[in-house]
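Take a look at the structure below.
Read-outs throughout are calculated quantities, based only on the coordinates presented, and are distinct from any laboratory measurement. Being a predicted model, the structure only gives us computed values, none of them experimental. Every residue, glycine as well, gets a Cβ built from its backbone with ideal geometry; the counts of neighbours run over all protein chains shown.
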Amino acid sequence: MELHLIIHGQKDLAGQLYRQLREAIDSGRLASGTRLPPSRLLAEQLGISRKTISDTYAQLTYEGVLVGKVGSGTFVNARAPRHERSQETFRFASQDNIDHWAGLNTRLSHPGAEGTARADFIGGATTRLQFPQEEWRRCVNHAMRQMNTPRGHYSRPEGLTQLRDGIAQHIAYARGVNCRLDDVMVCNGAQQALDLLARVMLRPGDKVAMEDPGYPPARLLFRMLGADVASVPVDAEGICVDRIPDGTRMIYTTPSHQFPLGMPMSPARREALLARAVELGALVIEDDYDSEFRYEGRPSDSLQSLDRHGVVAYIGTFSKVLLPELRLGYLILPPPLFPAVIRARQLSDWHSSTLPQWALAKFMAEGYLLKHIRRCHGIYAGRRERILARLAGDLAPWLEAVPSVAGFHLTALLHKDVSVPLLIELARKLDVGLYGLAPFYDQVPPREGLVLGFGAIDTLDIDPALDKVRNLLQQLG
């Protein structure tokens, strides 16, 4: 790859070269440790003498900006001074829209590893200690061999056939979803699935109904695309169907494990929701984000499996059962929607990376996914039981668990007047990560409580962490 330098005319060649190299290094465009081209190659590239190149390199080396390493070449010195690039502020005609996007409060953004507490009850996160590294490595090696064939073409927008077939079989087995290979689209996580559906189904001003409390990134996405989001309250049976307004085009719901409260939607409410969707001509989005993990009672049918009119789009993700960084999820579409979503996908990012798709297809075909889910289920069940025992024991004067049978977070409601923000702040100082319930509400008056994730916290850290929480609650009242 050629170094981007431009020489004009035949005058002051050394000066032109010196100034451009010095500016590129001082601005940081050429980073510390960057190897510069040999003088012979750069001379051929620029059409000037090799001596001019060598003299300029020597001058910059004398100034401490470059450093020569015998047998290796000439490099940008790590001690070279850096200057912040100054640029006059320019206001775009669309600056109001830019500021609107930049000012969004993405409440569920996960912190980096350096931002987490030792005992962190963060939801939607897993620990790498459970991830089957060796099995995944073998599957990645298989993927590399598959990609070593001389194709050189883009892949299919809907995803690799082998992975789509594996997904269709998995969710039919694990969740009772009624689908075929041709109904499956592989996405970059559940969030992209939501984005594609919203782009195809909605125009600015169209009404979307979603649970309140509910999933803030979905609500923000719909609103930023111009939708009128109607916040519909939930009760012990799920979304209050009779509160879904007329004119609704799309309904977002989490029926198997209501997010964030945790209770499942009752069978009667599911039937009522489907009937209301048919009446409105609305699409129902079923976000089944973590219900592979179930701890009590008989499994409930997915909403999609009860659909007799083709009004449900089912979204699933591998972020919760494997790792969020993989960014792989899937969308099960009613057949009439598939061609439109394919076009939207082509215009968005064409397709998901094929390397992790090949690896995941092999991972599923070899039975590693089901084995991993069974192993995690036992771990999560133990953590859940420990948290529930504490909520029913010494934490009972302050907190009450919301009934939940699936997933790897649960919600505890406060029934004493305690400042949750202060509790969270004090717990963080004790290296305990807590997360409040109130930010998940939109229009419905929020209930105070905690959302306790148990996917990332080590089992041995749970009791010491909850001891600290109990002590803080005693101090706060």
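3J(HN,Hα) couplings calculated from phi for the range 213-220 with the Karplus curve 6.51 cos²θ - 1.76 cosθ + 1.60 (θ = phi - 60°) are, in sequence order, x, x, 7, x, x, 5, 4, 5 Hz; Gly and Pro show x. Which of the listed residues, TYR330, TRP101, ILE387, is farthest toward the dipole's positive end in the chain, when Lys, Arg count +1 and Asp, Glu count -1 at the beta-carbon? Toward the positive end, the furthest listed residue is TYR330.
The residues TYR252, TYR289, when put in order of fewest to most other Cβ atoms within 10 Å, stand as TYR289, TYR252. So what's the back-of-envelope 222 nm ellipticity for the chain, counting only DSSP H runs of four-plus at -39500 (n - 2.57) apiece and dividing by all residues, rounded to 500? It comes out at -12500 deg cm²/dmol, rounded to the nearest 500.
Local charge for PRO403 was computed over the other residues whose Cβ lies under 13 Å away, with Lys and Arg +1 and Asp and Glu -1, and equals -3. In this label model, ASP26 and GLU400 are separated by 6.8 nm, measuring between points 7 Å along each Cα→Cβ vector.
Inter-label distance, LEU476 to THR34: 5.0 nm, where each label sits 7 Å from its Cα along the C-beta direction. The residues packed around LYS429, meaning those with a beta-carbon under 13 Å from its beta-carbon, carry a net charge of +1 if Lys and Arg are +1 and Asp and Glu are -1. For LEU476, the shell of other residues with beta-carbons less than 14 Å away shows a net charge of +1, using +1 for Lys and Arg and -1 for Asp and Glu. Values (i) -0.52, -0.66; (ii) -0.42, -0.54; (iii) -0.64, -0.76 are given for comparison; log10 I(q)/I(0) by the Debye sum over Cα atoms at q = 0.08, 0.09 Å⁻¹, derived from the coordinates here, is the one labelled (iii). Ordered by the number of other Cβ atoms lying within 10 Å of each residue's own Cβ, fewest first, PHE293, PHE131 fall into the sequence PHE131, PHE293.
Against the chain, whose longest principal axis comes from its Cα atoms, helix 354-365 is set at around 40 degrees. The magnitude of the dipole of the range 204-276, with charges of +1 and -1 set on the Cβ of Lys/Arg and Asp/Glu and taken from the Cα centre, is near 160 debye.
Multiplying the residue separation of LEU422 and SER72 by 0.36 nm and removing their Cα-Cα distance gives an extension gain of 120.3 nm.
Rounded if a/c is under 1.5, else prolate if a/b beats b/c, else oblate: with a ≥ b ≥ c from the C-alpha gyration tensor eigenvalues square-rooted, which is the range 131-366?
Verdict is prolate for the range 131-366.
Arranged from fewest to most other beta-carbon atoms within 10 Å of their beta carbon, TRP358, TRP101 become TRP101, TRP358. Lys-Lys pairs in the chain that are eight or more residues apart or on separate chains and whose Cα atoms lie under 23 Å of each other come to 8.
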